[in-house]
Amino acid sequence: MAKIDAFFKLMNDQGASDLHLVSGSPPILRIRGDLHRVKFNPLENDDLKAMLYEIAPEEKIKVFEESGDVDFGYEIPGLARYRANFFMQKNGVGAVFREIPSNIMTADQLGLPGVMTKLAMLPRGLVLVTGPTGSGKSTTLAAIIDHANRNRKDHIITVEDPIEFVHQSRSCLVNHREVGTHTKSFSAALRGALREDPDIILVGEMRDLETISLAIEAAMTGHLVMGTLHTISAAKTVDRVIEIFPTQQQPQVRATLADALRAVISQTMFKRIDVKGRCVAFEILIATPAVRNLVREGKTYQIPSAMQTGKKFGMQTLDDAIMELLQKGWIDPDEAYNKCVDKARFKPFAKSAPVDFTEVA
């Protein structure tokens with residue numbers, strides 16, 4: 001048992017999502033979105049480095065010492081997996097660990113809208129799950145992949161940095177590939193995947209032009225491709241995908257994306273005020289023919305209106321999802337106001353001045 005495992009046990013017992021270990025500071029846990037210091041002596045740089053190096057693969061230590069930061073996965077059997085990031089900072093080494101539960105929660109357990117499991121059964125196309133860091137994108141995608149794994153008879157390839165949720169092959173064959181360990185890059189893995197007879201490809205993060213271009217190509221050639229982006233709304237996700245390409249290519253990309261896109265799920269995390277825990281508000285865009293025409297014609301500013309009129313297809317805006325959570329009494333009105341789009345709609349519910357005073361309605 002590694003020395004650091006005691007902190008992971010504490011993290012699990014406290015229901016923390018993240019563990020921060022930084023030279024010169026005591027350990028810190030993120031619980032329900034807030035940081036809490038552990039009653040422990042400040043960590044000395046040499047002691048912390050020894051603790052971290054005990055669990056890191058040799059090749060990752062080499063990368064860390066050459067570059068100053070590195071990502072990898074670590075697992076304690078029977079407890080959880082952890083996404084690890086080592087970095088150098090002013091006082092020495094630091095590390096952040098995100099807990100990835102060993103048991104994958106199903107769509108029903110997470111309370112995902114029914115349309116999301118339908119996305120898992122699509123024969124082809126591009127499905128994007130977006131949101132800020134820590135909004136639960138990986139958990140949502142894991143539940144969708146899990147539904148496909150249980151209900152299809154296909155080949156699923158995941159490409160992640162590092163591997164997070166581990167799916168046991170059920171009705172499907174599932175192969176996990178980690179960037180930096182099993183493949184050089186996301187783009188290299190995607191190029192290889194097209195020759196590996198996949199039906200579903202999960203791209204852990206669509207970071208650059210080449211990866212996004214290959215993902216769209218894979219979706220256009222008969223594969224179901226799922227990936228994540230760090231954007232805050234469905235419309236902005238479409239804009240982000242298009243704008244990463246050179247200006248002269250954007251008209252063609254709009255046309256290709258319009259054909260490839262099947263759905264965009266944008267999610268935002270909230271603290272529960274009625275019970276301990278957190279919940280998610282989902283914005284859901286389904287690529288109906290009307291939506292595809294808006295993408296093709298460059299009229300993404302009309303997408304929110306299309307979502308309002310497309311509820312029968314499973315679409316919903318972020319504000320409608322937030323309002324539903326607010327009316328259930330699950331979330332704080334002030335947090336709802338701070339994270340909504342239409343401030344005027346939520347202003348009557350707010351109890352205090354907004355945290356982001358630049359967005360006052």
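What follows draws every value from the coordinates through simple rules; no lab data is involved. These figures come from a predicted structure and were not determined experimentally. Positions of Cβ are generated from backbone atoms using ideal geometry, with glycine treated the same way; all protein chains shown enter the neighbour counts.
Note down the relative contact order for the stretch 5-101 as a percent, whole number, built from C-alpha pairs under 8 angstrom at least six residues apart.
Rounded, it is 26 percent for the stretch 5-101.
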Report the local net charge at Ala188: Lys and Arg +1, Asp and Glu -1, summed over other residues whose C-beta lies under 15 Å from its C-beta.
-> -3
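Order by neighbour count: Met315, Met226, fewest other Cβ atoms within 10 Å first, most last.
On the way: Met315 23, Met226 29.
Exposure proxy ranking, most exposed first: Met315, Met226.
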Report, by chain and number, residues whose modeled amide H sits under 5 Å from the one on Thr288, excluding near sequence neighbours (fewer than 5 apart, same chain).
-> none
With a Förster distance of 35 angstrom and the Cβ-Cβ distance between Arg150 and Arg191, calculated FRET efficiency to the nearest 0.05 equals 0.75
Residues of the stretch 186-205 with backbone N under 19 Å of the label point set 7 Å from the Cα of Asp259 along Cα→Cβ are 194
Check the stretch 5-101 and count each lysine pair with an alpha-carbon distance under 25 angstrom, considering only pairs eight or more places apart or from different chains.
-> 10
Is it possible to state the helix-based mean residue ellipticity at 222 nm for the chain, with each DSSP H run of 4+ residues giving -39500 (n - 2.57), the sum divided by total residues, to the nearest 500 deg cm²/dmol? What is it?
-> -10000 deg cm²/dmol
HN-Hα J in Hz across the stretch 283-290 - Karplus 6.51, -1.76, 1.60, θ = phi - 60°, x for Gly and Pro = 9, 10, 10, 9, 7, 6, x, 5
Using a cut-off of 13 Å between beta-carbons, work out the net charge of the residues near Glu178 (Lys and Arg +1, Asp and Glu -1, Glu178 not included).
-> -2
In debye, nearest 20, what is the charge dipole magnitude of the chain about its Cα centre with +1 on Lys and Arg Cβ and -1 on Asp and Glu Cβ, if you could check?
-> 1080
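May I ask you to sort Tyr82, Tyr53 by Cβ crowding, counting other Cβ atoms within 10 Å and putting the fewest first?
The order, fewest Cβ neighbours first, is Tyr53, Tyr82.
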Once you wrap a convex hull around the alpha carbon atoms of the chain, what is its projected area averaged over all directions, in nm²?
-> 19.5
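Fully extended, how many nm does the chain gain between Lys90 and Asn12 (0.36 nm per residue separation, minus their Cα-Cα distance)?
Gain on extension, Lys90 to Asn12, equals 25.2 nm.
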